[in-house]
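The next block holds one structure in the form of structure tokens; read it before the comments.
The values are calculated or read from the model by the stated rules, or taken from the named source; none is laboratory data. Model, not experiment: these values are computed from the prediction. Cβ placement follows ideal geometry from the backbone for every residue including glycine, while neighbour counts extend to all protein chains displayed.
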Amino acid sequence: MVRPERSFEKDKLMVEIYRDRPAMGQAAAACAARKMRELLEERESVNVAFAAAPSQNEFLEALINEDGIDWQRVRAFHLDEYLGLPSDAPQRFRVFLDEHIFSQLDFMEVHYLRGDAGSPEREAQRYADLLREYPLDIAFIGIGENGHIAFNDPPVADFADPCLVKIVTLDEKCRRQQVNDGCFPSIDKVPTQALTLTIPAVMSAEFIYCMVPGKTKQEAVKETIEGQMGTHCPATILRTHDAAILYVDQDSANLISRS
């Protein structure tokens, strides 16, 4: 069992710091798997949303190797998807999730956000209707360099958003992160719009597991934990959730106060 180097609570948010990315991923996956097994003992099925980003690699690799999860009773969603990319573009989040988890396990259902839908507005409504029909039990998420959760960047984040899914314009820092992550060769290749679950949609999940490794995330992690709560750093809202855990490694935790 992998144990954190340090753990503490900030408001309602549990924070666990691990020595490196693999340890963080293994610990998060073990905890998430325990919760999934527990819920599947109580419920006919479990509804889970997945983030698609390199920050999730170690977690997803560990999760698919966890035993005792009846994936045929798990209904999968994902948090966001680019608009305007060709249907076969490797940067699509559905492609990432297919490669890293959806194609490797026998899910009950996988519901994709269709970034190539003819009407993004109708697609947002379709996905919102699915989330109302199948409320999220668990959300596996990350935090962006600008503090976003899903694609709720500071300029468009709304803690009281009336929508569950919406079309957003991505800010420059968010788009530059996609280049930093190696997903696109240059910022002009990164789409400017996306479909995203809103902050209330993410926060509606009964349990949230948030995995945020890497030096590029250290400022966002510090602000999430120590900053004033607000949409300047959307992830600060996690401190109000009754059952959210933030998993970080030594690199992303580098700026967190020791006091």
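Kindly provide the set of residues from region 115-133 that are at pLDDT below 95 and closer than 12 Å to Leu195 by Cα, ordered by number.
If the condition is that a residue be at pLDDT below 95 and closer than 12 Å to Leu195 by Cα, then Gly115, Asp116, Ala117 are the ones that fit.
Pairs under 6 Å by beta carbon, first residue closer than 15 Å to Ser7 by Cβ in region 239-259, partner among the aromatic types (Phe, Trp, Tyr) and at pLDDT below 95, six or more apart or different chains?
none
Among the residues that make up region 251-258, is at least one of them modelled with pLDDT of 95 or more, closer than 20 Å to Leu136 by Cα and under 17 Å from the mean Cα position of the chain (by Cα)?
Checked region 251-258: no residue is modelled with pLDDT of 95 or more, closer than 20 Å to Leu136 by Cα and under 17 Å from the mean Cα position of the chain (by Cα).
Being outside any loop (DSSP other than H, G, I, E, B) and surrounded by 24 or more Cβ atoms within 10 Å (Cβ to Cβ) is the filter here, so list the residues in region 137-150 that pass it.
Ala139, Phe140, Ile141, Ile149
Taking region 16-55 as the region of interest, how many residues are small (Gly, Ala, Ser), free of Cβ contacts under 8 Å to residues at least 40 places away in the same chain and either under 25 Å from Asn180 (Cβ atoms) or touching a Pro at 6+ places or on another chain (Cβ under 6 Å) (or both)?
Matching residues across region 16-55 total 1.
Run Val95 past the list (1) within 16 Å of the chain's Cα centre (by Cα); (2) touching a residue at least 12 places away in the same chain (Cβ under 8 Å); (3) within 22 Å of Ala128 (Cα to Cα) and report the number of the one that doesn't hold.
(2)
Identify, from the list Met24, Met36, the residue that is farther than 24 Å from Leu197 by Cα, touching a strand residue (DSSP E or B) at 6+ places or on another chain (Cβ under 8 Å), surrounded by 15 or more Cβ atoms within 10 Å (Cβ to Cβ) and modelled with pLDDT of 95 or more.
Answer to the selection: Met24.
Might you let me know whether region 217-229 holds any residue that is without any contact (Cβ under 8 Å) to a residue 40 or more places away in the chain, under 26 Å from Lys12 (Cβ atoms) and under 15 Å from the mean Cα position of the chain (by Cα)?
Within region 217-229 (the criterion being without any contact (Cβ under 8 Å) to a residue 40 or more places away in the chain, under 26 Å from Lys12 (Cβ atoms) and under 15 Å from the mean Cα position of the chain (by Cα)), the answer is no, since none of the residues qualifies.
Among what's in region 176-214 and is within 23 Å of Ala139 (Cα to Cα) and charged (D, E, K, R), pick the residue that is modelled with the lowest pLDDT.
Across region 176-214, the extreme among qualifying residues is Asp181.
Here is a list of conditions, (1) surrounded by fewer than 23 Cβ atoms within 10 Å (Cβ to Cβ); (2) assigned to a loop (DSSP other than H, G, I, E, B), and Glu61 meets all of them except one; can you say which number that is?
Answer for Glu61: the failing condition is (2).
Looking only at region 83-106, filter to residues that are touching a strand residue (DSSP E or B) at 6+ places or on another chain (Cβ under 6 Å) and in a helix (DSSP H, G or I); which one of those is farthest from Gln56 (Cα to Cα)?
That would be Phe102.
When you go through Asp88, Asp106, Asp153 one by one, which is the residue that is among the acidic types (Asp, Glu) and buried (at least 19 other Cβ atoms within 10 Å of the Cβ)?
After ruling out the rest, the residue left standing is Asp153.
With respect to Gln104, determine if the residue is in contact with a Cys (Cβ under 9 Å, 6 or more places away or on another chain) and under 28 Å from Gln177 (Cβ atoms).
The answer is no for Gln104.
Where residues in region 109-136 are without any contact (Cβ under 8 Å) to a residue 24 or more places away in the chain and in a helix (DSSP H, G or I), which of them is surrounded by the fewest Cβ atoms within 10 Å (Cβ to Cβ)?
Glu133
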